[in-house]
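**Q** Take this structure first; my questions come after.
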Amino acid sequence: MKAIRLATPGGLDRLSLVDMEDPGDPRPGEIRVRLKASSLNFHDYGVVSGKMPTEDGRIPMSDGAGEIEAVGEGVTEFEPGDHVVSGFFPKWQDGEAAVADFKTTPGDGVDGYAREAVVRPATWFTHAPKGYSHAEAATLTTAGLTAWRALVVDGGLNPGDTVLTLGTGGVSIFALQIAKAMGARVISTSSSDEKLERLKSLGADGVINYKTTEEWGKKVLDLTDGRGADVVVEVGGPKTLGQSITACRIAGHIALIGVLTGRSGEVPTAALMAKQQTLKGLIVGNRRHQRDFVRALEATGVRPEIDSTFGLAEIADAFRHEESGAHFGKICLEI
Ligand SMILES: NC(=O)c1ccc[n+]([C@@H]2O[C@H](COP(=O)([O-])OP(=O)(O)OC[C@H]3O[C@@H](n4cnc5c(N)ncnc54)[C@H](OP(=O)(O)O)[C@@H]3O)[C@@H](O)[C@H]2O)c1
């Protein structure tokens, strides 16, 4: 069986395609999945580039989608032939947040899905949306579920609300698509005018170039008659949070998700307090959220925006493409 392994201390030239032992048959409670696709996230880039150190020989990639080849004794939720997608926190099945690190996350604390087959507890996967390709399903584990949780689970999105998304990465494009499907109005930013046009074609009602409009928070207020966005999908971090607070309405919700501009910094706490906004950190979601999300995708017909697809052996080129920032939406691997 083919797999990708990452040698320490990491780096795109430290990824290699190797032969490894077949995982064999599932034991009671387990499933065997023929993996067919994965998708790239900023987090996976952190791991493979060596910025987030992991064990020598780690199999990268948190997202995995494929087809069930066999089920172990006692597994009733799945049967051979089912299309499934992996979960980001295999041990967080339901209930309030229970994990604050990546020790159990495939592709980081444990081996991930850059491989042809895996045997895992059935609870590490959910069904994929009906009619989705494996590459489409692979985009749900991290980016899709994060956008869903930010908007729906934590943000309590309602039809007619205004959502603000930042940039055109996997999480933000998913958030735009989910928000539009749920009847919200969306304002989106990007550093590229060309990408702003693509955002409009996906349904964005207002677009702002955050490079040429430094005070984009005020621009969001202009576009909402001074009210501000109800929910902000904050993937930027310290250097964008101040503008996000400006852009968000009084008593609005800011989902603090990303570290694109750094891991710590100054926050205008008085403005946040005065506007009585909720600032809530989140890391992806649990298995219950993923099942609800899959059901919502089937009902709304939302299909992920896939920028490009690479073969498993071209994984380093796929990450170079992500590193370049040229992508719009998700970059996938086909296995
Ligand atoms: N907390 C969680 O659960 C969770 C889950 C997934 C991701 N994340 C985090 O969310 C962030 C995005 O992840 P991703 O996988 O969607 O990344 P990605 O696909 O690599 O997207 C990167 C995009 O972000 C945009 N960007 C870069 N700097 C920006 C800035 N200063 N302001 C606004 N947009 C900016 C760029 O869009 P343009 O080219 O259009 O400018 C770029 O293409 C990362 O920090 C990641 O770690 C967190």
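**Q** Among the listed residues Thr309, Thr300, which satisfies the condition of being buried (at least 16 other Cβ atoms within 10 Å of the Cβ) and of a type in the set (Ser, Thr, Tyr)?
**A** After ruling out the rest, the residue left standing is Thr309.
**Q** Could you list, in sequence order, all residues of the range 312-335 that are outside any loop (DSSP other than H, G, I, E, B), open to solvent by less than 40 Å² (accessible area, probe 1.4 Å) and among the aliphatic types (A, V, I, L, M)?
**A** Leu312, Ile315, Ala316, Ala318, Ile331, Leu333 - these are the residues of the range 312-335 that are outside any loop (DSSP other than H, G, I, E, B), open to solvent by less than 40 Å² (accessible area, probe 1.4 Å) and among the aliphatic types (A, V, I, L, M).
**Q** Restricted to the range 268-288, and to residues that are closer than 27 Å to Trp92 by Cβ and part of a loop (DSSP other than H, G, I, E, B), which residue is most open to solvent (accessible area, probe 1.4 Å)?
**A** Ile283
**Q** Taking the range 105-119 only, how many residues are in contact with a strand residue (DSSP E or B) (Cβ under 6 Å, 6 or more places away or on another chain) and assigned to a strand (DSSP E or B)?
**A** Selection size over the range 105-119: 4.
**Q** Residues that are within 30 Å of Ala97 (Cβ to Cβ), in contact with a Gly (Cβ under 6 Å, 6 or more places away or on another chain) and at pLDDT 95 or above: which helices (runs of 4 or more DSSP H) entirely in the range 129-230 hold 2 or more of them? Spell out the reasoning first.
**A** On the way: elements: 134-138, 145-148, 170-181, 193-201, 216-223.
Ranges flagged: 170-181.
**Q** If I filter the range 226-237 down to residues being within 10 Å of the ligand (Cβ to nearest atom) and not small (Gly, Ala, Ser), which single residue comes out as nearest to Ala204 (Cα to Cα)? Even if it seems obvious, please write down each step before you answer.
**A** Within the range 226-237, the subset within 10 Å of the ligand (Cβ to nearest atom) is 233-237.
After this cut, where a residue has to be not small (Gly, Ala, Ser) as well, the list is 233-235.
Details: Val233: 14, Glu234: 17, Val235: 17 Å.
It comes out as Val233.
**Q** Regarding Val163, is this residue more than 10 Å from the ligand (Cβ to nearest atom), within 15 Å of Ala255 (Cα to Cα), of a type outside the set (Ser, Thr, Tyr) and touching a strand residue (DSSP E or B) at 6+ places or on another chain (Cβ under 9 Å)? Walk me through it before giving the result.
**A** Numbers: more than 10 Å from the ligand (Cβ to nearest atom): yes; within 15 Å of Ala255 (Cα to Cα): yes; of a type outside the set (Ser, Thr, Tyr): yes; touching a strand residue (DSSP E or B) at 6+ places or on another chain (Cβ under 9 Å): yes.
Criteria met by Val163.
**Q** Given the structure, is Ser191 in the same structural domain as Ala271 (by TED's automatic domain parsing), polar (S, T, N, Q) and open to solvent by 20 Å² or more (accessible area, probe 1.4 Å)? Before you say what the answer is, go through the steps one by one.
**A** Details: in the same structural domain as Ala271 (by TED's automatic domain parsing): yes; polar (S, T, N, Q): yes; open to solvent by 20 Å² or more (accessible area, probe 1.4 Å): yes.
Answer is yes for this residue.
**Q** Could you identify the single residue in Phe78, Phe102, Phe89 that is away from the ligand (no atom under 16 Å from the Cβ) and assigned to a loop (DSSP other than H, G, I, E, B)? Show your work before the answer.
**A** Details: Phe102 fails: away from the ligand (no atom under 16 Å from the Cβ); Phe89 fails: away from the ligand (no atom under 16 Å from the Cβ).
Within the list Phe78, Phe102, Phe89, the selection yields Phe78.
**Q** Can you name every residue in the range 253-267 that is assigned to a loop (DSSP other than H, G, I, E, B), within 12 Å of the ligand (Cβ to nearest atom) and touching a strand residue (DSSP E or B) at 6+ places or on another chain (Cβ under 9 Å)?
**A** Answer for the range 253-267, where residues must be assigned to a loop (DSSP other than H, G, I, E, B), within 12 Å of the ligand (Cβ to nearest atom) and touching a strand residue (DSSP E or B) at 6+ places or on another chain (Cβ under 9 Å): Ile257, Gly258.
**Q** Between residues in the range 42-60 that are closer than 16 Å to Gly170 by Cβ and residues that are within 13 Å of the ligand (Cβ to nearest atom) and open to solvent by 10 Å² or more (accessible area, probe 1.4 Å), which pairs lie under 6 Å by C-beta distance while being six or more apart or on different chains?
**A** Taking only residues 6 or more apart or on different chains, the pairs are Tyr45/Glu322; Gly46/Met52; Val47/Asp108.
**Q** Now for a different question. Report whether or not Trp124 is in contact (Cβ under 8 Å) with a residue 24 or more places away in the chain and in contact with a strand residue (DSSP E or B) (Cβ under 8 Å, 6 or more places away or on another chain).
**A** The answer is yes for Trp124.
**Q** Looking at (1) among the β-branched types (Val, Ile, Thr); (2) away from the ligand (no atom under 13 Å from the Cβ); (3) surrounded by fewer than 19 Cβ atoms within 10 Å (Cβ to Cβ); (4) in contact (Cβ under 8 Å) with a residue 60 or more places away in the chain, which is the only condition Ile250 fails?
**A** Result: Ile250 passes all but (4).
**Q** Within the range 297-316, how many residues are small (Gly, Ala, Ser) and closer than 8 Å to Leu333 by Cα?
**A** 1
The values are calculated or read from the model by the stated rules, or taken from the named source; none is laboratory data. This one's a predicted model, so the numbers in the text were calculated from it and none came from an experiment. As a convention, Cβ positions derive from the backbone with ideal geometry for all residues, glycine included, and neighbour counts pool all protein chains shown. Remember, those area values only see protein heavy atoms, side chains included, never the ligands or the DNA or RNA. Shrake-Rupley method; radii C 1.70, N 1.55, O 1.52, S 1.80 Å.
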